[in-house]
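Data block below; observations after.
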């Protein structure tokens with residue numbers, strides 16, 4: 001990868017440059033212990049649990065691999081209908097970011113870019129498993145990042 005800086009480029013000017021180098025599926029798993037059968041011929045009324053996590057690995061001084069892990073579990077009563085885990089990765093070039101900007105980009109912007117890819121993989125796996133279509137709801141990563149950045153509130157004392 002070549003980097004070209006012009007005479008006008010001032011690294012201290014505060015401009016942040018982010019570019020997506022690649023998006024790829026790093027890992028995925030699908031489990032359905034009983035196939036698409038609903039236990040005891042019950043009506044289709046699953047309860048869903050959704051977990052998301054973001055992690056980062058520095059590949060070079062200005063290149064980060066951001067990994068968005070999403071786990072979806074569908075249960076009906078005590079029976080697990082399916083469990084899907086997708087690790088969607090992206091390689092991002094981030095230039096000129098302060099520490100605070102870097103945290104915000106990795107915690108909010110990068111997962112927002114990766115989410116539609118992970119969402120599609122999850123939906124495809126569930127459909128191919130014989131279950132009804134499932135589309136993850138949209139996620140506001142900006143709000144999640146802001147919430148995670150807030151200091152915990154102390155309990156009220158009477």
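Considering each of 116, 111 in turn, give the residue that is free of Cβ contacts under 8 Å to residues at least 12 places away in the same chain, under 12 Å from the mean Cα position of the chain (by Cα), part of a helix (DSSP H, G or I) and closer than 14 Å to residue 52 by Cβ. Walk me through how you get there before you give the answer.
Details: 111 fails: free of Cβ contacts under 8 Å to residues at least 12 places away in the same chain.
The match here is 116.
Please indicate, with yes or no, whether at least one residue in the range 110-127 is over 28 Å from residue 31 (Cβ atoms) and in contact with a helix residue (DSSP H, G or I) (Cβ under 6 Å, 6 or more places away or on another chain).
no
Got a number for residues in the range 119-139 being outside any helix (DSSP H, G or I), more than 18 Å from residue 52 (Cβ to Cβ) and without any contact (Cβ under 8 Å) to a residue 24 or more places away in the chain?
Let us first name the residues in the range 119-139 that are outside any helix (DSSP H, G or I), namely 129-139.
This time we only want the ones that are more than 18 Å from residue 52 (Cβ to Cβ), so: 129-133.
If we keep only those that are without any contact (Cβ under 8 Å) to a residue 24 or more places away in the chain too, we end up with 133.
Looking only at that region, the number is 1.
Return the residue satisfying two criteria in turn: it lies in the range 13-43 and is more than 29 Å from residue 67 (Cα to Cα) and either in contact with a helix residue (DSSP H, G or I) (Cβ under 7 Å, 6 or more places away or on another chain) or surrounded by fewer than 10 Cβ atoms within 10 Å (Cβ to Cβ) (or both), and of such residues it is modelled with the highest pLDDT.
43
Do you know which residues across the range 44-61 are crowded, with 16+ Cβ neighbours inside 10 Å and out of contact with any helix residue (DSSP H, G or I) (no Cβ under 6 Å at 6 or more places or on another chain)?
Quick first cut of the range 44-61, residues crowded, with 16+ Cβ neighbours inside 10 Å only: 46, 52, 54, 56.
Answer for the range 44-61, where residues must be crowded, with 16+ Cβ neighbours inside 10 Å and out of contact with any helix residue (DSSP H, G or I) (no Cβ under 6 Å at 6 or more places or on another chain): 46, 52.
Determine, yes or no, whether residue 97 is buried (at least 17 other Cβ atoms within 10 Å of the Cβ), in contact (Cβ under 8 Å) with a residue 40 or more places away in the chain and assigned to a loop (DSSP other than H, G, I, E, B). Step through it out loud before you land on a result.
Details: buried (at least 17 other Cβ atoms within 10 Å of the Cβ): yes; in contact (Cβ under 8 Å) with a residue 40 or more places away in the chain: yes; assigned to a loop (DSSP other than H, G, I, E, B): yes.
Answer is yes for this residue.
The values are calculated or read from the model by the stated rules, or taken from the named source; none is laboratory data. Keep in mind the model is a prediction, meaning the values are calculated, not measured. Every residue, glycine among them, receives a Cβ derived from its backbone with ideal geometry; neighbour counts consider all protein chains shown.
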